[in-house]
Amino acid sequence: MNKRLRTIFEYSFFLGLGIFLAWWSLKDLTADNKSQIRAALKTARYWLIIPVFVILFLSHFIRALRWRLLIQSLGYNPSRTNAFFAVMIGYLTNQAVPRLGELVKCTMLARYEKIPADKLIGTIILERIIDSITLLFIFGITLVIQPDFYSQLTEAIFNSKRDPAHKTISSSLVLLIVIAIIVIVIAIWMLKKKKNFKDLGALFRRIGQRIWQGISAIKHLKKRRQFILLTIILWTLYLSGGFIGFMALQETHTYGIREAFTVLSAGSIGMIATPGGIGAYAYLLQQTMIVYGLNEGIALAFGWILWLAQTAVILIGGLISFVAMPFYNKQKHFEKS
């Protein structure tokens, strides 16, 4: 299978997964659930869309500033505006074709700032490694403040609450199934690539080395304290978006920072799982909020509201950036000449 066909297959699979999860979360909604959703939407505080939009736009701007610091460590100094435009265009592209947005982001900035695109790709890889480490840290915090939450979430996803006669799956069995799948995937990889356990150990060492390189690379930044501060601000803004989202509905306004950490963890997985988080984001947030005792229909509505807010920001910001970036650089060139 060539690279293009593999990319099409991967995209189709994950898009299909997102559509399936969207259907799965909607298919069993009862008339009572739908009535509760309509009632919740009628009393929703829609004015909170404004601060949520501001927070989301600000988070993208902070990400652009942080990326700019990585680029500056290479000896280049792109403008904040171009970095922000490139980030938004990249997000917009990712909504259609996952991972292509990273390439487009680098290409756009390289075009207007005269920076080699291959060097920019290196900064993206480093940024993703650092974000992965930060996300693991977020998972750790969530686990510390709620030690039994992940097992409860597993039960909520895999066990049917609607049919008491239906045989449920224990969390331990789910864990064993996941481990078995991982072992099977590794075994297939070893057979296909003709690798042995020594090669497998070398692979894990390389992964560990890349993670360590991502951490240690911060030491070489000229403004590493600023980079760390921007990273903290970035993820705090993500956390704040979910926290303010709770206030939008009467049924969720009593939830606080503990639940916001869980929403951030589950939502991050959802955004990674499918293109633009379609289906997966709302489904995972629904299952998360059900664990906290929220009605199934309201939990689903809450997940879709947060996803729609994030998607709207990307669509609006991305389209504006796509139009504004050439105009901005044309004006900048005119002023210099």
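Hey, does the range 2-18 have a residue that's of a type in the set (A, V, I, L, M, F, W, C), modelled with pLDDT of 65 or more and surrounded by 12 or more Cβ atoms within 10 Å (Cβ to Cβ)? Within the range 2-18, not a single residue is of a type in the set (A, V, I, L, M, F, W, C), modelled with pLDDT of 65 or more and surrounded by 12 or more Cβ atoms within 10 Å (Cβ to Cβ).
With 48, 65 as the choices, which residue is at pLDDT 85 or above, assigned to a helix (DSSP H, G or I) and closer than 30 Å to residue 297 by Cβ?
Values: 65 fails: closer than 30 Å to residue 297 by Cβ.
Answer to the selection: 48.
Taking the criterion of being surrounded by fewer than 19 Cβ atoms within 10 Å (Cβ to Cβ) and either touching a strand residue (DSSP E or B) at 6+ places or on another chain (Cβ under 8 Å) or touching a residue at least 12 places away in the same chain (Cβ under 8 Å) (or both), the residues of the range 45-60 that qualify are 45, 46, 48, 49, 51, 53, 57, 58. Every condition in (1) closer than 26 Å to residue 327 by Cβ; (2) hydrophobic (A, V, I, L, M, F, W, C); (3) at pLDDT below 85; (4) in contact with a Lys or Arg (Cβ under 8 Å, 6 or more places away or on another chain) is met by residue 124 except one, and the failing one is (3).
Among the residues of the range 132-148, is any free of Cβ contacts under 8 Å to residues at least 60 places away in the same chain, within 30 Å of residue 323 (Cβ to Cβ) and not basic (Lys, Arg)? No; the residues of the range 132-148 include none that is free of Cβ contacts under 8 Å to residues at least 60 places away in the same chain, within 30 Å of residue 323 (Cβ to Cβ) and not basic (Lys, Arg).
Among the residues of the range 104-123, is there at least one that is out of contact with any Gly (no Cβ under 8 Å at 6 or more places or on another chain), under 15 Å from residue 268 (Cα atoms) and surrounded by 14 or more Cβ atoms within 10 Å (Cβ to Cβ)? So far as the range 104-123 goes, no, none of its residues is out of contact with any Gly (no Cβ under 8 Å at 6 or more places or on another chain), under 15 Å from residue 268 (Cα atoms) and surrounded by 14 or more Cβ atoms within 10 Å (Cβ to Cβ). Selection within the range 130-151: residues that are buried (at least 16 other Cβ atoms within 10 Å of the Cβ) and farther than 30 Å from residue 70 by Cβ. The member of this set that is modelled with the lowest pLDDT is 150.
The values are calculated or read from the model by the stated rules, or taken from the named source; none is laboratory data. All values reported here derive from a predicted model rather than from experimental measurement. Neighbour counts are summed over all protein chains in view; Cβ atoms, including those assigned to glycine, are modelled from backbone coordinates with ideal geometry.
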